[in-house]
Every structure is written in structure tokens, then in C-alpha cells.
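The values are calculated or read from the model by the stated rules, or taken from the named source; none is laboratory data. This structure is a prediction, so every number in the text was calculated from the model and none was measured. FYI the Cβ positions are ideal-geometry reconstructions off the backbone, even for glycines, and counts take in every protein chain you see. Surface areas here come from the heavy atoms of the whole protein model, side chains and all, with no ligands, DNA or RNA. Shrake-Rupley method; radii C 1.70, N 1.55, O 1.52, S 1.80 Å.
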Amino acid sequence: MSTVKITSVVEKDPKGDFLLKWEVSPDQEGDIDIYSSLSDSSLTSFTPVTTTKIANQVLTLNPTGSGLREYFILRTAGVQSGVVANRVIDMNNIKNFRDIGGYFTTDDRQIKWGQIYRSADLSSATLYDQEKIRRLNIKTIIDFRSEKTAGKYPILIHPSIRKISLPLLPMDAEKLDAQLLNDNFNRSDAIRYVQESYIDIVENHKEQFGEMFDILTNDANYPILLSGSLGKDGIGLASYFILYALGVPQTVLEQDYMLSNKLIDPVKAKVDARNLPENMQEAVTAMLSVNRSYLNYVIDHINNKYGSVDAYLEKELRVSNGKKNLLRKYLLYNF
């Protein structure tokens, strides 16, 4: 069995080209073959694009189709990478829009791309954004915002897309507005507030998470978009539970959670903190960001109270082994 491993990611650059990056371990010389496809349904759909030196480690590729999604595979020394695609989907006005596919499980299976997306608020979506959502073939949007916020900031989507409301109240936009009425609110207060809000989410919104898994275990609902105010807290926990149920390792779960910090700019958020006192600016930044301490706090709580995340999923969210098997059937590649 070969010990060679190819690790690769792809990003979209400002021109709309694909920037493919890779590492081969252990380090070695030689060529690497690049294949691409507009579909990831079968390995036979991938065709050769080019061959380059392993040492180059990066390659810019023009889209061969619409540029919306394209899939790549890299091969060298008789070894093949997983399917690689751009995780972040560029939108005009929708923040933190990304695919949670592509990750590998502890038993070296890969999650399919293009089946579950996550994003921030959709209410400011332009016609371009709405068309892009339609072209991603999204069939179901799960809106985790409160009824009050959803009523204040309604979303417009294509009539063919089903919208399901599963409100997660603690970390909604209206809660942030309320905290800013307290002039003494500071960064430490904000961190404690977010941590306790995460506990509130997992303790008082089990029914919503359970319904989410019911939706996920019906293959007619895919592809699915999970959407919330900033797409980082309730959505972060929802994504964590989904990926955990699929068997994604803890380090990768944390990486996916922390990615929100690269995709949310507090300066451009609906809350304008520039004219607030410094302590309030720091508090706003803490609430508009993600932090490993937030995630670790709630996972420690789950482990202490329920014994493990597995026990919480099974006993509280009704995620049985049968449901996990269905998730793996629908969401993991067979090749």
C-alpha cells in the first residue's frame, strides 16, 4: 500500500479562475496530473487537463464550464487525491456562503460536494445571488433565524425552493442589538454571553436540531442550504453535529467552525460599531466572530452532561445509527 498522500484545495480568484493548490507527502520530485469535471457523480467523468511539476504546488485554471462549480482530481505515483472543489461560493450580498462537503471522515471516506451549503442571512440577496442559489440546484433552505427577524428581513427565493423555518433564538441579530443598549458591555461579557447562548441553543432547541436531521435523512430534500443571521453560531453548531455524525475528525470540525472568521467582516456587518466606545467595539467584534472557546465550552458541556456528543445526538436529537447510516449513504462518495 502506497504511503504517498495528496492534499489539495481549490479557490476562486477575483478573475473567476480556479486556483488549485496541493501538497504531496512525503516530499518528492516528479509530475502531477490534473483532471477536471463539471460533475462529481462518477470518476469516469473526469478528463485530463494538464500535467505539471509536483514542486510547483499551485496552478491557475480557467473554468471549462459556467465557472459556478468545477471538480478536480490530482494523481501522481499511482495515488489519487479526493475530489476537490471550491468551498466558498462567491455572492454579491450573502456572507459566509460555503459548501460543507469535501471533508474526509476518520475511515477515509469523503463527503460529497454540493449537497449541504451554509450561509448568513439571505434577506439582502441580489437577483444575481438568487439566480446562483437556483443554479446550485438547492431544493431546501432551512432558516434558523427567529420569527421576528425573519419577519423583519424576509428572504426572496425561487418558488421552486422549499423554505423551512427552524428558529434558534439565542444568537439572533435582535439579541445583539439588545446587548448594545448596555454601555458597560465589554469583550469578557460578550464571550460569556456567547458561551451561555451556545448552551441555550443545545439545551432548548433540541426539537429544531432533531427536525433538521429528519430533513437530512430524506434524499428528496437535497441539496440543502442552512441559513442564519450571520451563519456562524446556530449554523456552526448545526454543521458541527452533521459533520460529527458523518465521522469527521475533531480537528476538521474546528477548522470548519473557525472558517467563519475569514468570511465575516465585522466592519461590514449590520451593526456599525465605529462610533461606539472601545469596550463596546471589542464586545461587538467578539459577538460577530467565532472562537474555539465558544465551541469548546458547549462541547465540554455536552460531554459532561450527556457523556458524549454521540449520546447527545442519539438520546436528545433522535439521531440513531439508522439515521447515521442514511446520512452516510446520501452524503459520502462511493468511490
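All of (1) more than 21 Å from Arg328 (Cβ to Cβ); (2) out of contact with any Asp or Glu (no Cβ under 9 Å at 6 or more places or on another chain); (3) among the aliphatic types (A, V, I, L, M) hold for Ala55 with one exception: (2). Screening Arg145 against (1) touching a helix residue (DSSP H, G or I) at 6+ places or on another chain (Cβ under 9 Å); (2) surrounded by fewer than 20 Cβ atoms within 10 Å (Cβ to Cβ); (3) assigned to a loop (DSSP other than H, G, I, E, B); (4) among the charged types (D, E, K, R) leaves a single unmet condition, (2).
The set of residues in segment 63-76 being under 14 Å from Thr7 (Cβ atoms) and open to solvent by 40 Å² or more (accessible area, probe 1.4 Å) consists of Arg75 alone.
Among all residues of segment 56-76, there is none that is touching a residue at least 24 places away in the same chain (Cβ under 8 Å), among the small types (Gly, Ala, Ser) and closer than 25 Å to Pro26 by Cβ. Applying the criterion of being outside any helix (DSSP H, G or I), open to solvent by 60 Å² or more (accessible area, probe 1.4 Å) and of a type outside the set (S, T, N, Q) to the residues of segment 308-335, the residue that is modelled with the lowest pLDDT is Phe335. Within segment 185-230, the residues that satisfy the criterion of being outside any helix (DSSP H, G or I), open to solvent by less than 50 Å² (accessible area, probe 1.4 Å) and over 26 Å from Ser289 (Cα atoms) are Thr217, Tyr222, Pro223. For segment 130-142, which residues satisfy the criterion of being touching a helix residue (DSSP H, G or I) at 6+ places or on another chain (Cβ under 7 Å) and crowded, with 16+ Cβ neighbours inside 10 Å? Answer for segment 130-142, where residues must be touching a helix residue (DSSP H, G or I) at 6+ places or on another chain (Cβ under 7 Å) and crowded, with 16+ Cβ neighbours inside 10 Å: Thr140, Ile142.
In the set (1) more than 26 Å from the chain's Cα centre (by Cα); (2) part of a loop (DSSP other than H, G, I, E, B); (3) without any contact (Cβ under 8 Å) to a residue 24 or more places away in the chain, Val49 fails one condition alone, (2). When Ala150, Ala85 are checked against the criterion of being at pLDDT below 95, open to solvent by less than 70 Å² (accessible area, probe 1.4 Å) and out of contact with any helix residue (DSSP H, G or I) (no Cβ under 9 Å at 6 or more places or on another chain), a single residue qualifies: Ala150.
Restricting attention to segment 280-300 and to residues that are in contact (Cβ under 8 Å) with a residue 60 or more places away in the chain and over 23 Å from the mean Cα position of the chain (by Cα), the residue that is surrounded by the fewest Cβ atoms within 10 Å (Cβ to Cβ) turns out to be Glu282. If you go through segment 99-123 and keep only what is surrounded by 19 or more Cβ atoms within 10 Å (Cβ to Cβ) and closer than 15 Å to Leu253 by Cβ, you end up with Ile100, Gly101, Gly102, Tyr103, Ile111, Ile116, Arg118. Within segment 279-307, the set of residues being touching a Gly at 6+ places or on another chain (Cβ under 9 Å) and either over 20 Å from Asn204 (Cα atoms) or not in a helix (DSSP H, G or I) (or both) comprises just one member, Val290. For segment 52-70, give me each residue that is more than 26 Å from the chain's Cα centre (by Cα), β-branched (Val, Ile, Thr) and part of a strand (DSSP E or B). Thr52, the sole residue that qualifies.
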